[in-house]
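A quick write-up on the structure given underneath.
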Amino acid sequence: MSATAHRRQRTSGEGEPESSTTFTADWQAPTERMTPDWLVRPLRAIEGSPELDGAVEALSHLSGKILRSPRTEGALRGERLGHALHPLLTDFPLGAWLSATLLDVFAGRRARPAATGLVGFGLVMTLPTAAAGLAEWRAAGEGPRRIGLIHAAVNGTATSLYAASFVARLRGRHYRGMALALAGGSAAFVGGYLGGHLSLVRKIGTADPSYGPAPARPPLD
């Protein structure tokens, strides 16, 4: 697998040029088809849908207003860490929400306050997670931006369901909160799959070229 690093020049608040690198690996199809068509076709259709470009442009314009500072955008993209920050941050909301559901299912009534707290913590952590994802999305190409738009919409749906779950729990309607959390988890699973497509298949993500290109993987048996 060969690798390509794309470097962008920006200007810091002191007027000094800054550079950020988006590292992408040239994708090579496996010699043997492994993914079923019902997964491949929808993603390829989204990537090739110019109908989404109006919404993509609107999100791009909005993100430019939110991420005005090049330093902030660079920090959210993980430039000082050596690789993208967004995948690391996703563990916090997803981990908290999954833990809440496990408590709901296995720990009974005594764990309800802890489950409610975990759902709330996950909601708080969606803010930096979404901001980091938005910063990464701004550096992506046309097709991945379309996938990223749907990824954000699905994750927004998941977050809304968990927010409704949190409110239901606070009002004492715990079983309703459990059901909403299960629905939110299902949406988050779909959003995670789309995110995996972006980071693992399309290789969208900041990476320091000092690490060198990713080594080629050995062939599968």
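Values quoted throughout were computed directly from the atomic coordinates according to the rules given, and no laboratory measurement underlies them. What you see is a predicted model; the values in this text were computed from it and never measured. Please note: Cβ atoms are built from the backbone with ideal geometry, for glycine as well, and neighbour counts cover all protein chains shown.
Taking the centroid of alpha carbons for each part, segment 200-216 and segment 136-193 are 27 Å apart. Residues ILE66, ILE150, ILE204, ranked from the fewest to the most other C-beta atoms within 10 Å, line up as ILE66, ILE150, ILE204.
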